[in-house]
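What follows is a short report on a single structure.
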Amino acid sequence: MGNPPKVGTATASLHNSMLQYVLGSESATKSVLCSYKRSFNGFVAELTEEEARKMAGMNGVVSVFPNEKRILHTTRSSYFMGFSQQVQRATSESDVIIGVLDTGIWPESQSFNDEGLSPPPDKWKGVCQDANNITCNNKIIGARYYKSDGLFGSNDIISPRDSEGHGTHTASTAAGRLVNRANLFGLGAGTARGGVPSARIAVYKICWSDGCSDADILAAFDDAIADGVDIISLSVGSTTPTDYFRDSIAIGAFHAMRNGILTVTSAGNQGPRRATITNFSPWTLSVAASTIDRKFFTGVKLGNDVVYEGVSINTFDLKNETYPMIYGALLRDNSPKDVAFSFVLPASQLDLVDGSKIFVYINSTSNATATIFKSNEVNDTRAPYVASFSSRGPNPITPDILK
């Protein structure tokens with residue numbers, strides 16, 4: 001992906017002429033899936049491997065690479081880091097526009113109310129696409145969606161609206177307004193807020209039920225740069241490292257950097273092994289995952305009154321009623337204990353030692369019973385520390401550049 005063509009050059013015509021050289025005039029137009037022409041110069045087309053090699057050999061072509069799928073990297077942290085709720089906010093913060101490239105957004109969330117916000121700054125050039133399904137305001141000032149292959153899953157919402165939750169989560173983490181008495185069925189109660197509550201949000205939906213394609217990632221970068229965002233947030237990446245000339249995120253972030261826009265990316269969730277970071281270009285800010293000062297533990301009480309403590313977010317209250325224990329399989333849990341997951345049924349993740357003791361109890365009686373308590377919130381005095389699942393360095397492509 002190179003710089004935009006010089007003034008007076010029709011980008012689409014340039015792309016078409018290049019494809020005509022490779023494919024012939026009749027097939028050129030039909031093969032194009034999308035063209036990037038607002039902030040940088042490039043296109044996506046359906047080519048065979050031989051045609052791709054021919055295209056790569058043309059003068060002026062920086063790189064040719066396949067359109068692959070990327071994956072998503074999955075309230076209290078602001079206070080834990082010392083960002084006071086009562087601090088006097090600078091009025092200039094409301095002129096900051098954060099472009100969020102993710103699964104879209106759920107605009108009805110209280111995190112995105114626009115009470116007290118003025119209209120968007122004059123520098124904003126974006127749009128609110130498909131206003132019948134999503135409504136922008138002075139907080140969410142723009143929303144676009146991208147699906148270059150036109151293939152949607154049964155649960156996909158064909159608009160910038162979020163059907164997965166990840167994009168809504170990341171947007172609220174960056175710039176969510178203050179929401180008092182936020183909680184999950186009584187757990188984690190407090191005031192939810194983002195890092196810069198008065199900043200504006202521009203949404204670019206690039207991820208769907210089948211992943212996040214390189215073609216759509218680059219299309220979103222192309223628009224976000226031209227729309228006038230000040231910073232780009234992207235919690236998406238590959239599972240294996242990719243060199244800079246074949247990495248859509250690195251390419252898009254490079255052109256953002258050339259336009260004075262910082263791209264903030266997630267390091268990845270492939271830790272704790274070394275060299276698992278997948279967003280590591282020198283011109284991006286790679287962010288690791290860390291813990292906060294709050295943990296959730298879930299007790300399991302057996303029929304013999306022995307209690308074992310596991311890790312999960314369990315909102316179900318069984319009121320101490322015990323249930324028969326049915327053995328289906330003995331599973332060895334190798335998942336980290338610094339991450340608590342929620343489940344559709346009461347559940348608690350125990351370590352191997354305690355799990356083995358429960359297995360012994362099940363086999364020691366014909367009437368094994370147990371109950372699972374609602375999760376208990378405790379303070380983690382060791383925090384903060386890097387989460388075990390967070391991807392690690394060193395930089396796998398250019399190790400002399402620290403990441």
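Which pairs in the list Lys69/Lys139; Lys295/Lys319; Lys37/Lys69; Lys205/Lys295; Lys69/Lys295 are over 27 Å apart, alpha-carbon to alpha-carbon? Intermediate results must be reported in sequence, preceding the final value.
Values: Lys69/Lys139 30 Å; Lys295/Lys319 22 Å; Lys37/Lys69 22 Å; Lys205/Lys295 31 Å; Lys69/Lys295 33 Å.
Pairs exceeding 27 Å: Lys69/Lys139; Lys205/Lys295; Lys69/Lys295.
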- Task: Place +1 on the Cβ of every Lys and Arg and -1 on the Cβ of every Asp and Glu in the chain, take the dipole about the Cα centre, and give the residue among Leu285, Val236, Asn314 whose Cα lies farthest towards its positive end.
- Result: Leu285
- Task: Tabulate in residue order the Karplus-calculated ³J(HN,Hα) for segment 236-241, using 6.51 cos²θ - 1.76 cosθ + 1.60 with θ = phi - 60°, rounded to whole Hz; enter x for Gly and Pro.
- Result: 9, x, 8, 8, 10, x
- Message: Between Ser388 and Phe152, what is 0.36 nm times their sequence separation minus the Cα-Cα distance? Round to one decimal in nm.
- Response: 81.6 nm
- Message: With +1 assigned to the C-beta of every Lys and Arg and -1 to the C-beta of every Asp and Glu, and no other charges, what is the dipole magnitude of segment 287-403 about the Cα centre in debye, to the nearest 20?
- Response: 140 debye
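Restricting the count to DSSP beta bridges whose residues both fall in the chain, what percent are antiparallel, rounded to a multiple of 5?
Values: 30 of 56 bridges.
So the antiparallel bridges amount to about 55 percent of the total.
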- Message: Which one, Ile98, Ser198, Gly167, projects farthest toward the positive side of the charge dipole computed for segment 70-287 from Cβ point charges (K/R +1, D/E -1)?
- Response: Ser198
- Message: Under a Cβ-only charge scheme (Lys and Arg +1, Asp and Glu -1), can you give me the dipole magnitude of the chain about the Cα centre, in debye to the nearest 20?
- Response: 620 debye
- Query: Non-local amide H neighbours of Leu33 (under 5 Å, H modeled in plane, Pro and chain starts lacking H): which ones?
  - Reply: Val44, Ala45, Glu46
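How big is the charge dipole of segment 11-64 about its Cα centre, in debye rounded to the nearest 20, if each Lys and Arg gets +1 on its Cβ and each Asp and Glu gets -1 on its Cβ? Write down the numbers at each step before the final one.
On the way: 5 positive and 5 negative charges, 55 e Å.
My answer is approximately 260 debye.
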- Note on the structure: With a ≥ b ≥ c from the Cα gyration tensor eigenvalues, square-rooted, and the rule rounded for a/c under 1.5, otherwise prolate when a/b > b/c and oblate otherwise, segment 11-64 is oblate
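Determine the sum of side-chain charges near Cys128: Lys and Arg each +1, Asp and Glu each -1, restricted to other residues whose C-beta is under 14 angstrom from that of Cys128. Present the calculation step by step, with values, prior to reporting the outcome.
Numbers: positive: Lys125, Lys139, Arg144, Arg161, Arg200, Lys205; negative: Asp114, Asp130, Asp223, Asp227.
Combined, the nearby Lys, Arg, Asp and Glu give +2.
Please give the peptides 113-123, 163-173 ranked by average Cβ packing (other Cβ atoms within 10 Å per residue), highest first, as a rough proxy for protection. Numbers along the way, then the final one.
On the way: 113-123: 12.9, 163-173: 21.7.
Averaged packing, sorted descending, gives the order 163-173, 113-123.
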- So who's got an amide H within less than 5 Å of the one on Cys128, skipping anything under 5 residues away but keeping other chains? H placed 1.01 Å off N, in plane. Ala143
- With a point put 7 Å past each Cα toward its Cβ, work out how far Leu184 is from Phe341 in nm, to one decimal. 1.3 nm
- Message: Spelling out what I want: for every residue of segment 54-63, take phi, set θ = phi - 60°, compute 6.51 cos²θ - 1.76 cosθ + 1.60 (Karplus), and round to whole Hz; glycine and proline get x.
- Response: 5, 5, 5, x, 6, 4, x, 8, 7, 7
- HN-Hα J in Hz across segment 144-151 - Karplus 6.51, -1.76, 1.60, θ = phi - 60°, x for Gly and Pro: 9, 9, 9, 8, 5, 8, x, 9
- Query: With labels modelled as points extended 7 Å from the Cα through the Cβ direction, what inter-label distance (nm, one decimal) is found for Asp354 paired with Lys54?
  - Reply: 6.4 nm
- Message: No partner Cβ under 4.7 angstrom, meaning no disulfide-compatible partner by this rule: which Cys of the chain qualify?
- Response: Cys34
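Would you mind ranking Phe65, Phe245, Phe296 so that the residue whose beta carbon has the fewest other beta carbons within 10 Å leads the list? Don't skip to the end; give the middle numbers.
On the way: Phe65 15, Phe245 12, Phe296 18.
Fewest-to-most Cβ neighbours within 10 Å comes out as Phe245, Phe65, Phe296.
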- Can you sort Arg177, Arg274, Arg246 so the residue with the fewest Cβ neighbours within 10 Å comes first? Arg274, Arg246, Arg177
- Ranking Lys205, Lys30 by Cβ neighbours within 10 Å, fewest first, what do you get? Lys30, Lys205
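Every number here is computed from the coordinates shown, using simple stated rules; none is lab data. Computed from a predicted model, the values in this text were never measured in an experiment. Virtual Cβ from ideal backbone geometry, glycine too; neighbours counted across all protein chains shown.
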